[in-house]
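Here is the structure we will look at.
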Amino acid sequence: MLCFSTLLTIILGLLLAAESSVDEPGQRLVERRYRGLKFGATNQDYVLFKPRMEPVQESYSLCGWVKKILPGNYKFWFAYGTSGSVEEIRPTDNGYLLTFSTSVDMSSKVTDQLGTWRHVCLTWSLTTRAASVYYDGLLLGSGTTPSGRKVGVDGYVVLGNEFNSYGGGFGYPFGGELFKVNLFDKELSAAEVKEMADGGLCSEVEEKYGRSRYLKWEDMLLEEKSGNVTEIDVGCTPEPKEEDGEEENNSTEDCECEQGNGTTFSQWDLLRGEKFFNRTVSVELVTELKQAWEILGDFEGATVTERFISHFK
C-alpha cells in the first residue's frame, strides 16, 4: 500500500511540474495550484461547471482572495444557481451577497481598493440561518435566511459572472482576479475566518480542513475556461516541508513490495495493470486514483487481506 501511494505521489508530482507554466518568457515556473485566475470584462469570460452539492445543503463557507480591478457595483466573482433559484449564492467584489434571494448588503462598509487582494468569506448554516459577510477577517454583517431553506443540489457554479437563467444568461462580468477560492461544507467561525485571512495570500491554512474543503481551488483550475480567462502567477510558491528526521522515500528506485503470496514486485510493475498500461497519464487520471486511494482512510485499523481487497474491485 505504501509503495502504490508513493508511486501515485511521484507521478502526480511529475505531471504538476509538466503542467506548470510561465506568464512571460523568463518568468519562474509556478505549480498550478499556486496560480490565480484573471477574468476579462465581457459576458463570455467565465468558468462554468456542475458539481455535486449535497455536502453543502445545510451549511457552507465560501472563502477566497478577490482582486477588484474594475470600478462599479455588481461585479460577481462567484455564483451558484439551480433550476429552482438562480440566486442560491451570489457575492460581488464590493461586499454584497445574495443568497436564497436574501440580500446582505455590506457594500457601504467596504472601501474599494482597486488592484488589491482582499480576503472575502461568506458563511451560512441551516441552524443559525445567518448569512454572514467577512472582509479581511472582519465580520461586516449578517442577514437572516428563510426558515428551513437549504441549498439546492442541481445547480451550476460559475466563476467570473452570475446567472440570469439556469446554467446561463450571464450579465454581470467580474473582470478581476481570483485566487484560492474554496467552498467548505461547514459554517466557519469568526476565529477560523480570521485565521485564514491573517495567514495571508500565500498561506495554506485552508488545507487543514481536509475533506471539509469540499470544492477546492486546485480542482476549479482544471475546469474549462471560456473566453478571456487566463492563469496568472500571484507570487506564491510551495512552503518547504519540515525535516522530521525521517526522509520520505520518493525516489524512483524500485521498492520491494510484498504481495500476499510472499512474492515481491517493483512499484513500477503496477503500471502494467489494466488501469495504466497503454493509457495516457494525465493529471485527471492520477487525481482520480489518489482520491479513490484516500477512501482507505475510512477503514483505519482494518487488516488488508484478499477479502478486504475484494470489496474495492
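The values are calculated or read from the model by the stated rules, or taken from the named source; none is laboratory data. Everything numeric here is computed off the predicted structure, so don't read it as measured data. Ideal geometry is used to build each Cβ from the backbone, glycine not excepted, and the neighbour counts take in all protein chains shown. For accessibility, only protein heavy atoms count, side chains too; no ligands or nucleic acids. Shrake-Rupley method; radii C 1.70, N 1.55, O 1.52, S 1.80 Å.
At-a-glance table
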item	result
19 Å Cα-Cα threshold exceeded, pairs from LYS38/LYS216; LYS38/LYS180; LYS38/LYS194; LYS50/LYS225; LYS150/LYS180; LYS50/LYS194	LYS38/LYS194; LYS150/LYS180; LYS50/LYS194
Compactness of the range 82-151 - radius of gyration and Dmax, Cα, Å	12.4, 39
log10 of Debye I(q)/I(0), alpha-carbon scatterers only, for the range 100-244 at 0.14, 0.15, 0.21 Å⁻¹	-0.84, -0.97, -1.87
ASP112-THR280 FRET efficiency (beta carbon distance; Förster radius 51 Å; 0.05 resolution)	0.65
Percent of alpha-carbon pairs separated by more than 24 Å within the range 20-149	36 percent
Accessible-area value, GLU223, 1.4 Å probe, nucleic acids and ligands omitted, Å²	60 Å²
Principal axes of the range 130-182: Cα extent on each, largest first, Å	30, 29, 19
Within the range 43-84, trypsin sites (Lys or Arg not before Pro) in DSSP loop having at most 13 other beta-carbon neighbours inside 10 Å	ARG52
Accessible surface of SER83 - all protein chains present, 1.4 Å probe, nearest 10 Å²	80 Å²
